[in-house]
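Everything below concerns the one structure shown next.
Derivation of every value follows stated rules applied to the coordinates shown; laboratory data play no part. Bear in mind the structure is a predicted one, so any value in this text is a computation, not a measurement. Positions of Cβ are backbone-derived with ideal geometry, glycine not excepted, and every protein chain shown enters the neighbour counts.
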C-alpha cells in the first residue's frame, strides 16, 4: 500500500512539474517610455509564475527565463506588454501610455465584459488588493474596501466570526443577505480560503444581477478562484503566525467600590446597608480573600491572548494543452476561552484541458474540514455569566476549589469541567465544465457545467456534572454541591452547507449557456447569452441523546441510559429551474445598450405561483468618444450610465402554501396514549416572492492618464410583496394561526462613490482609494392596525425603529418632581431619577401622567449603519511596501440594556462608568442614582440610546520583497517577509464593547485585534 501511495504521489508530482521545465537563460534590457525616458520600478514577470523583478533607476533589468516563457512588462499608467522570449537575450521595451485600461475585463454573471462597455453598477477587488490584509476569513479582507458593501465581523470566536454581508443596506424586513456565487455556483462565503481567490465582484443593481432572477434582489457577490496559466510550474508557500487579543472588554468595579455603591443603592431605597465597615475594610485591603474576595471574572475567564497559525501551499503552471492550479491550507486558531478552538484543512484543484482547438474542459475539485470545539454551555451563556457575577463572589478559592459564583453560576468551571461540544463539518465539491467554440460561426460558444456539493456535519455534545464549593466560615469547611447533568447528544446533517443567505445551498447544479460575441463592421459590437439552470437541494437531519453516561471516559450513546433515549429527524428536498438571457450592443464603443431577463421557478411556492419573470435594461454613453469632449486636456474617460430592472427574493420558509400540523403530546384513549396532531398555521396558497424594482444612475470618470478615477452612483429600490404577519385575529375555535402574507413594502435609496489615485515618483509608487456609501430605508406598508397612534407607527420610518419614553435628563430636586407630570407609575421617584416627557394621553394630548401613552420614536437600532466609508493608501519602494485600511460608519445607534446599562442588574456588577452617577454632590452626572431594584430608570427610553458611530484603523501591513540577487543565490523566484495588524485602533463613543458587536447587552465573545508575522516563498 505504501509503495502504491508513493508511486501515486510521484506521478502527481511529475504531472504537475513536468509541464514546462526548460533550460533557463539570463535576459536583460532597458524599459523606456515613448520619449525615451527610463521607467524605474517597472514590473517584469515571467507569465504564469511569481518569478519577477523590477527595473532600477536607469530602467535596466535582468531576469532568468526559458525560451518558451513570456515576459510581462507593466507600469502604472502604461499599457502592459507581453513578449515571448524565444532566442532573445536582450529585450529593450518601449511602453506606451495606457490609453486604454480600456481593455480591462469585468467579471459579470455567466460571463465577462470589457470595463468600457459596462453599463451597470459593478465593483470588484483582485487578489493583489485582498492580500494587503492577512486574515483567516474573506469578510475581514473586504471591510471598507468596496463601495456599497457592508461587511462586519460580529464575533472574535475562532471559526464562528458571525459575519454580516449586505449590499447597499437593508431593503426588506425579510432576509436581506446577498447571493454568493463561487466559480458560477451558489456556495457558502465562509468556505473560501482567501489564498485561492483571484477576484471578488459585487453586482449591485438590477441590470447586473437580473440573470440571477429570484435570488438576486439583495445583490450578488461573485468569487472567482485562481487558475493556472501556461508556463513552468511555480510553487508558493506562505506561513503566518498570529497573536490575537480582545479589542475591548467591560471594565467593572472591584469588590470595594462595588460594595460601597451597593450600600449607597440600598440607602437610596430606604433599606439597610448590606456591607459593614469591617466588610468594606476587608474588601479594600484584600486581607480575607476567602470570605471577601475581589474576583475579576473577565481576567479569570478570558485569556489575555491566543495564537493562530496558518499555512498555504500552492502550485500552478501548464502547457499548451493543460493548465493547473492546486492549493492546500491549514489553519489552527486557539480561543480566548477554555476549550474554544478551531481547525480548518482545505484543498482546491482547478485544472483546464484544451482537448481540441475548439473544446476546453475544466475539472475543479475541493474539500474542507472544519473542527470547532467549545464548552457544552453556550458562548452566550458563558459571557452572560462573566458579566453577571459580582466581584464579591468567588470563581476559585485560594486552594483552587471552584466557588459557587452567583447562585451556582460559575461559567469558568462549567467550561472547564462541565463538558464539551465538538462540531465537525466535512465539505466536498466538484465542478466539471466545458467550453466549445462552435466551428464556422465566429463568436459562438457553448458552455456548460455540473456542480456537486456535499456536506457531512457531525455535532457531538457531552455534558458532565461538576462540583462547586461554598465556604463555611463557622467550621472552615468547603461544602460541595453538584451541578449539571450527565448527557450526550449527537446530531448528523447531510446535504449542502448553508451560506449567508440563510437557506441551504444546492447540492447539485446543472447549467448550460450559449454565448455570442462578435464585432460587425469595426463599430457594431454585439454579445448575447441564453441559457438554462437547474439546482436541486436534498438534506437529511438526525439527532439522538441519552442521559446518565456510565463513565465520562466513555462518551458514546451506547453508554447512556437507554430509558432516557430521545431521537428525532427530518428530510427535505427543494429545487429551482430558470431560463436566462442577456444581449448587449455597443456602437463604436460609444453608445451602449443592454437587456437581460430570467424566468425562474421555485418550489417554495405553489405550482400556480411558481414562475416569475425578472427583466432589466441599461444604457451607457461614453462622452469622451464625442468630438465636443475628445480634446479636453487630462480627460481620459467620462461615461454616464443608467439601469432599471426587477428582481426576486424567494428566501422564505418552505411549504407555506401547504397545510401545516403540529404534534401536540398524547391523549389517553382506552388506557393507551395516542399521539395528537393539531392544525398549525393556515396555509397561504398565494404566497410568492418578494419583488425588488431597482433603478441606478451613475458615471465613471478617469483623468490625468488614468491616474485619477471617480465612480458615482445614485440608486433607488422598492421591495414589494414582503411577507408580514397579518393583524387580523383568528377565532379560538379555528385552532390555528394565520399565515404570513405578501403585503409589505420597503423603499431604500442612497448614493455611493469611490475615488482613487495612483502614480509614481521615480521608483516610488503610491496609491490611495476612498469610498463612501449612504443608504436609507423607509417602511411604506407593514399592515399596522389603524388604532396605532401616528407617533408609534413603523410605517414611514426606518427598519429597526425603536419606541419608548423620551428622556429629559435627571430630576434635580423634589420640587422638580412635584411640578412634573406624575411619573409614579414606574415606582417611587426621587432626585437623580430619569425624567420623561409628557408626550400624550389616551386622547392624543398630554395628560399630566407618564405611562405607555407617552411612548414615542426614540431612534433606529440594528446592526447596519446608514452610512459606511473606507480609506486605503499605500506605497512601494525598492522592495519595501506599505498599505493601510481605515473604515467606519455613522448614522448608527445601539440600545444599551441589561448588564451593559444597569448597575446590579439581576444581582450583577457595576461598570466603572457608573461611578459618574447622580448624588447630591454630583448633580451633573452622566447616569441616574443607584438602585438595586429599579423600574423607572430601566424603562425603555431614549436615555439608553447610544450613538454608535465609529472609525477604525482596520489593517496595516509592512512588507519587504527580497531583490533578484538574493533570490538568485537562494534559487527562489520570490521571498517576502511581512508584518500586519488587524483591528488596531477604534474611535467610538461606546464604552466597554465594540461598535460592531451583535447587541447592546455585552454577552458575546469579544471582537479581537491581531498581529501577524508572515513569510511568502516562491520556487
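Of note:
- In terms of its Cα atoms, region 210-352 spans 88, 41, 19 Å along the principal axes, sorted from long to short.
- Mean Cβ neighbour count within 10 Å, used as a protection proxy, ranking 613-623, 979-989, 753-763, 916-926 highest first: 613-623, 979-989, 753-763, 916-926
- Beta bridges assigned by DSSP with both partners in the chain are antiparallel in approximately 95 percent of cases.
- Bridges between two residues of region 151-286, per DSSP, are antiparallel at a rate of about 70%.
- From helices alone, the chain scores -2500 deg cm²/dmol at 222 nm; the rule is -39500 (n - 2.57) for each run of n ≥ 4 DSSP H residues, then divide by the residue total.
- Ellipsoid fit via the Cα gyration tensor, region 102-227: semi-axes of 22, 19, 13 Å, each the root of five times an eigenvalue, largest first.
- Highest to lowest packing among 427-436, 147-156, scored as the average C-beta count within 10 Å: 147-156, 427-436
- Summarising the label geometry, the points placed 7 Å from Cα in the beta-carbon direction at residue 566 and residue 25 lie 7.8 nm from one another.
- Along each principal axis, Cα extent of region 800-907, largest first, Å: 75, 34, 26
- For the peptides 180-188, 523-531, 390-398, 628-636, the ranking by packing is 180-188, 390-398, 523-531, 628-636, with the highest mean count of neighbouring Cβ atoms within 10 Å listed first.
- Angle in degrees between helix 379-388 and the longest Cα principal axis of the chain, rounded to the nearest 10: 40 degrees
- Dmax and Rg, reported as Rg then Dmax, of region 590-731 (C-alpha, Å): 26.8, 96
- Beta bridges by DSSP in region 102-227, antiparallel share as percent, to the nearest 5: 85 percent
- Estimated FRET transfer efficiency (residue 915, residue 284; beta-carbon r; R0 22 Å; 0.05): 0.90
- Kirkwood Rh and Cα Rg combined as Rg/Rh, region 418-574: 1.36
- In degrees, nearest ten, helix 255-268 long axis to first principal axis of the chain (Cα): 50 degrees
- Label-zone membership for region 521-541, site residue 450, 7 angstrom Cα→C-beta point, backbone N under 18 Å: 532-538
- When 598, 487 are arranged by Cβ crowding within 10 Å, least crowded first, meaning fewest neighbours, the order is 487, 598.
- Paramagnetic label reach from residue 591 (point 7 Å along Cα→Cβ; backbone nitrogen cut-off under 20 Å): within region 102-122, residues 116-120.
- Principal axis extents of the C-alpha atoms in the chain (largest first, rounded to whole Å): 97, 72, 64.
- Spin-label model, residue 401 to residue 634: label points 7 Å out along the Cα-to-beta-carbon direction sit 8.0 nm apart.
- Computed FRET value (nearest 0.05) for residue 778 with residue 890, which takes r as the C-beta separation and R₀ as 22 Å: 0.75
- Span from the region 503-566 Cα centroid across to the region 119-154 one, whole angstrom: 25 Å
- Overall form of region 771-828 per C-alpha gyration tensor (a/c, 1.5; a/b vs b/c): oblate
- Helix 2-17 and the longest principal axis of the Cα set of the chain meet at an angle near 60°.
- At R0 = 45 Å, FRET efficiency that the Cβ-Cβ distance of residue 757 and residue 543 yields, to 0.05: 0.20
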